[in-house]
Each structure stands twice: as structure tokens, then as C-alpha cells.
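Visitor: Following this message is one structure expressed as C-alpha cells.
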Amino acid sequence: MNPLDTDSTRQIARYRSLVQVIAALSRTARTEDLLRSMHQQVQALFASPVTVLARPTPGGGWSVQTLEIDVISEQWIGPRPDGLLERVVTGRVTLENDLPTYLEREGLTVVRVHYRADLPHTLSWMGVALRAGGEVLGVLSVQSYERDAFTPEDLEFLNLLGVQLGIVLENAALHERLAREANTDPLTGLLNRRQFALRGEEARRTAGEWTLAVLDVQDFKRVNDRLGHAAGDAVLRGIGEALLDLTATRGEAFRLGGDEFALLLPAGPERAAALLRAGLEGLSARDLPDVPFVNVGLAGRRADESLMDWMRRADRHMYAAKRARAHLIMFPEETS
């Protein structure tokens, strides 16, 4: 067979592999799943033991995710005036088949994200910037333990992949933003009423103890009338932040609308009451235009009732708290 034909056949096969990789990545909507798939696909495409994706962070520096052999690790690396990643973004470096010599010559140091004593150091290195709409989304790097592991053709393929991966990353971020906007309250960042209905049904069917808490703000209209709606919004945001803190490790918080909130806590009513008391006490320490007086009603889950009935019980307890002007009222479980 003609060597040129052989080379052409190999290139066509490789382009097909690249198209398949891009197609596989494009089908992945969640950024977390996309990144893991990207590492695996790129590692297979270049027969490389190491892939690195570094993404810029808002405060400067890079969030770096590495797949080395079969272990994914993450690390934050601070910004450098003239680091290897920064050089990729400015186009000063793309391929080095003797990385130690290049680093020594340029006076650069690098950070190994995942260290294992049984693995050698990177000797060959390629990197391309990922862009979308003129914005730098990250740097994709492929690395090898061998010298002279990559060719200009490899770099061309990595560039082609980088162009598509930038688009895929942007689409995944857009998809997640739209999903987040559809499921969360824009003012407080809490989950919305639609999510409460879905997750409340899940909690109702999940084993273990669950408590539903319903909250509202005493005389909230007075805050708006006296201080203005901007102040009222600040108070609601403060409550939202307190509820997010309260549910940071367990449970979920929702804004049902207006000054009404709800919590689903994987605990019995007594434990839920203790958590809520601690969370509500923290409101007075927040810098808010007005310290809100929050009424709370609790209801433990019952296996034989609907979500609506569960909600009605918690509501009754909340209105009892409102009448008594008590931050929290916990009633014994009704028998009827």
C-alpha cells in the first residue's frame, strides 16, 4: 500500500474519533459530568496518561482538575504573572516535548496537582486555550511521561477539540443557568414552590424521619410600608441566607412566595426545632434594615397523608405561632 494512502487512512480514522468524542461530549448537559467525560475521552484520543483542565476563578487563579492514570483530583492554583497556564492563554507556549528543559530555560516552576510517588513526572506537554464568545473558559492540557510524545498533528487535533469543547462548556453552563433560574427564587436563591412540590413528595416517600417547617414574617407589610420595598427585599434575602446556612449540610430550604418560606429537614420535630431556633437567633446578628420576627410551624411526616395534608398541619402550627407571637410553636401530633 502507498505510504501516503496509509497516512491518509490513519488521519481519516483519527478525525472520525475526534468527531465521536465531540458528539459524546455534546450529549452531556451537566458541567460536572461533562468534565469527567472530557478527561476520559481526551486521554483515550491521545493515548495520554495525564489530562488537565484549568478554569479561571472569579478572584484570580485557576481551578484545576486533573485525570492522571485513573484518579481525578482538584486543586486551586493562584495567579502567576508569567505561569505556564498564562502563557497558553497568550499563545506563548503550545507544545513542548522536553518540558523540564523548557521550564529550566524559561525560569518557570509548575505545580503537580495530584502527586503519587510511584508515577514519573511530565516530560512532554501540550496546551490550548478554551474560548467561547471571546471569553477564556480555561486551558486544556495533555501530558505524557515520555519525551517527544506529541507531534504537530497532535497539537492540531487538540486545537480542534479545544474549539469544540469551549462551545460545549458554554452550552452546559447556559443549560445549568436556565435550569437554576427555573428552579430557584431570584431574590433569595432558595428553591421555589415548584421544587417544593417535587421534593416534598420525595421526602414523603423517603425512609427515616422528616419534618416540614413553614415560616412567615410577622407584620412584613409594616416593613415595606415603613422602610420601603428595597428594605423588605433585603430582609427576605437575609432570611434566605440564614435558611441556606441552616440547610448547608442537611435538608432543603424554599421560598414559597412573598414572606412565606418552607424547610424540609431529615429529622424529627424536636431536632428540627433546635436547628430552627439556632438559625433564627442568628438573624439578629445580620446587617438587615429590620430584624424580622419569624413565625414557624412544624409538622413531622406521617406515612398515611398527602403532601397537601402535611402542609396544612404545618400551616396550622405556624398560624398558632403568629397569634401567640412566638418564634416557634411545636404541637404534639394530632390524633385526627
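Visitor: Report yes if Ser17 is on the phi < 0 side of the Ramachandran plot and modelled with pLDDT of 85 or more, otherwise no.
Guide: Working: on the phi < 0 side of the Ramachandran plot: yes; modelled with pLDDT of 85 or more: no.
The answer is no for Ser17.
Visitor: Sticking with this structure for a sec: Scanning for something under 18 Å from Asn159 (Cβ atoms) and acidic (Asp, Glu), does segment 126-141 turn up at least one residue?
Guide: The answer is yes, given that some residue of segment 126-141 is under 18 Å from Asn159 (Cβ atoms) and acidic (Asp, Glu).
Visitor: While we're on this one: Quick check on my filter: what residues within segment 162-187 are within 20 Å of Arg55 (Cβ to Cβ) and over 16 Å from the mean Cα position of the chain (by Cα)?
Guide: If the condition is that a residue be within 20 Å of Arg55 (Cβ to Cβ) and over 16 Å from the mean Cα position of the chain (by Cα), then Gly162, Val163, Gln164, Leu165, Gly166, Ile167, Val168 are the ones that fit.
Visitor: Just give me the residues in segment 87-102 being under 21 Å from Arg55 (Cα atoms) and surrounded by fewer than 16 Cβ atoms within 10 Å (Cβ to Cβ), in sequence order.
Guide: Of everything in segment 87-102, those that are under 21 Å from Arg55 (Cα atoms) and surrounded by fewer than 16 Cβ atoms within 10 Å (Cβ to Cβ) turn out to be Thr90, Gly91, Arg92.
Visitor: OK, next. For segment 248-259, indicate whether the set of residues that are assigned to a loop (DSSP other than H, G, I, E, B), under 21 Å from Lys322 (Cβ atoms) and in contact with a Leu (Cβ under 7 Å, 6 or more places away or on another chain) is non-empty.
Guide: Within segment 248-259, the first condition is being assigned to a loop (DSSP other than H, G, I, E, B), and the residues that meet it are 248-251, 258-259.
Those left that are additionally under 21 Å from Lys322 (Cβ atoms): 258-259.
Pick out the ones that are also in contact with a Leu (Cβ under 7 Å, 6 or more places away or on another chain) and you get 259.
Checking segment 248-259: at least one residue is assigned to a loop (DSSP other than H, G, I, E, B), under 21 Å from Lys322 (Cβ atoms) and in contact with a Leu (Cβ under 7 Å, 6 or more places away or on another chain).
Visitor: Follow-up question, since we're still on this one. I'd like the full set of residues that are charged (D, E, K, R) and closer than 16 Å to Gly208 by Cβ, limited to segment 271-307. Working first, answer last.
Guide: Let us first name the residues in segment 271-307 that are charged (D, E, K, R), namely 271, 277, 281, 286-287, 290, 301-302, 304-305.
Those that are charged (D, E, K, R) and closer than 16 Å to Gly208 by Cβ: Arg271, Arg301, Arg302.
Visitor: Is it fair to say Glu32 is under 20 Å from His175 (Cβ atoms) and modelled with pLDDT under 90? I'd like the intermediate steps shown before the answer.
Guide: Working: under 20 Å from His175 (Cβ atoms): yes; modelled with pLDDT under 90: yes.
For Glu32, the condition - under 20 Å from His175 (Cβ atoms) and modelled with pLDDT under 90 - is met.
Visitor: Before we move on, is Ala173 touching a residue at least 40 places away in the same chain (Cβ under 8 Å) and either in the same structural domain as Arg131 (by TED's automatic domain parsing) or in a helix (DSSP H, G or I) (or both)? Give the steps one after another, and end with the answer.
Guide: On the way: touching a residue at least 40 places away in the same chain (Cβ under 8 Å): yes; either in the same structural domain as Arg131 (by TED's automatic domain parsing) or in a helix (DSSP H, G or I) (or both): yes.
Answer is yes for this residue.
Visitor: Would you check which residues across segment 46-101 are in a strand (DSSP E or B) and in contact with a Lys or Arg (Cβ under 7 Å, 6 or more places away or on another chain) and list them? Can you show your working first?
Guide: In the first step, residues of segment 46-101 are kept if they are in a strand (DSSP E or B); the result is 50-56, 62-68, 71-77, 95-96.
Residues satisfying the conditions are Trp62, Ser63, Ile72.
Okay, residues lined up against (1) of a type in the set (Val, Ile, Thr); (2) touching a helix residue (DSSP H, G or I) at 6+ places or on another chain (Cβ under 8 Å); (3) not assigned by TED's automatic domain parsing to the domain that holds Arg226:
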| site | (1), (2), (3) |
| --- | --- |
| Phe254 | no, yes, no |
| Ala262 | no, yes, no |
| Ala274 | no, no, no |
| Arg277 | no, no, no |
| Leu280 | no, yes, no |
| Asp290 | no, yes, no |
| Val296 | yes, yes, no |
| Ala303 | no, no, no |
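Visitor: Here are Gly232, Gly208: which of them is more than 21 Å from Ala320 (Cα to Cα) and outside any helix (DSSP H, G or I)?
Guide: Going through Gly232, Gly208 in turn, just one is more than 21 Å from Ala320 (Cα to Cα) and outside any helix (DSSP H, G or I): Gly208.
Visitor: Give segment 113-148 a look and list any residue that's modelled with pLDDT under 90 and of a type in the set (Lys, Arg), or say none.
Guide: Scanning segment 113-148 gives a single hit, Arg116.
Visitor: If I filter segment 258-268 down to residues being surrounded by 22 or more Cβ atoms within 10 Å (Cβ to Cβ) and not aliphatic (A, V, I, L, M), which single residue comes out as nearest to Phe196 (Cα to Cα)? Before the answer, list the steps.
Guide: First, the residues of segment 258-268 that are surrounded by 22 or more Cβ atoms within 10 Å (Cβ to Cβ): 259, 261-265.
Then drop every residue that is not not aliphatic (A, V, I, L, M), which leaves 259, 261.
Details: Asp259: 15, Phe261: 10 Å.
Out of the qualifying residues, it is Phe261.
Visitor: If you go through segment 103-147, how many residues are outside any strand (DSSP E or B), β-branched (Val, Ile, Thr) and surrounded by 15 or more Cβ atoms within 10 Å (Cβ to Cβ)?
Guide: Filtering segment 103-147 for residues outside any strand (DSSP E or B) gives 103-123, 133-134, 145-147.
Now narrow it down to the ones that are β-branched (Val, Ile, Thr): 109-111, 113, 122.
Now narrow it down to the ones that are surrounded by 15 or more Cβ atoms within 10 Å (Cβ to Cβ): 110, 113, 122.
Total meeting the criteria: 3.
Visitor: Sticking with this one: Please verify whether segment 60-76 includes one or more residues that are farther than 19 Å from Gly166 by Cα, aromatic (Phe, Trp, Tyr) and either assigned by TED's automatic domain parsing to the domain that holds Ser144 or modelled with pLDDT under 90 (or both).
Guide: yes
Visitor: Give the residue, chosen from Asp219, Asp315, that is over 28 Å from the mean Cα position of the chain (by Cα) and closer than 19 Å to Ala197 by Cα. Show your work before the answer.
Guide: Details: Asp219 fails: closer than 19 Å to Ala197 by Cα.
Result of the check over Asp219, Asp315: Asp315.
Visitor: Which of the residues that make up segment 162-190 are within 29 Å of Gly297 (Cβ to Cβ), buried (at least 17 other Cβ atoms within 10 Å of the Cβ) and in contact with a helix residue (DSSP H, G or I) (Cβ under 6 Å, 6 or more places away or on another chain)?
Guide: Matches in segment 162-190: Thr188, Leu190.
Visitor: Do the conditions hold for Ile72, that is, is it touching a His at 6+ places or on another chain (Cβ under 7 Å), surrounded by fewer than 19 Cβ atoms within 10 Å (Cβ to Cβ) and within 30 Å of Arg177 (Cα to Cα)?
Guide: On the way: touching a His at 6+ places or on another chain (Cβ under 7 Å): yes; surrounded by fewer than 19 Cβ atoms within 10 Å (Cβ to Cβ): yes; within 30 Å of Arg177 (Cα to Cα): yes.
Against the criterion (touching a His at 6+ places or on another chain (Cβ under 7 Å), surrounded by fewer than 19 Cβ atoms within 10 Å (Cβ to Cβ) and within 30 Å of Arg177 (Cα to Cα)), Ile72 qualifies.
The values are calculated or read from the model by the stated rules, or taken from the named source; none is laboratory data. Quick caveat, the model's predicted, so the values are computed rather than measured. Neighbour counts are summed over all protein chains in view; Cβ atoms, including those assigned to glycine, are modelled from backbone coordinates with ideal geometry.
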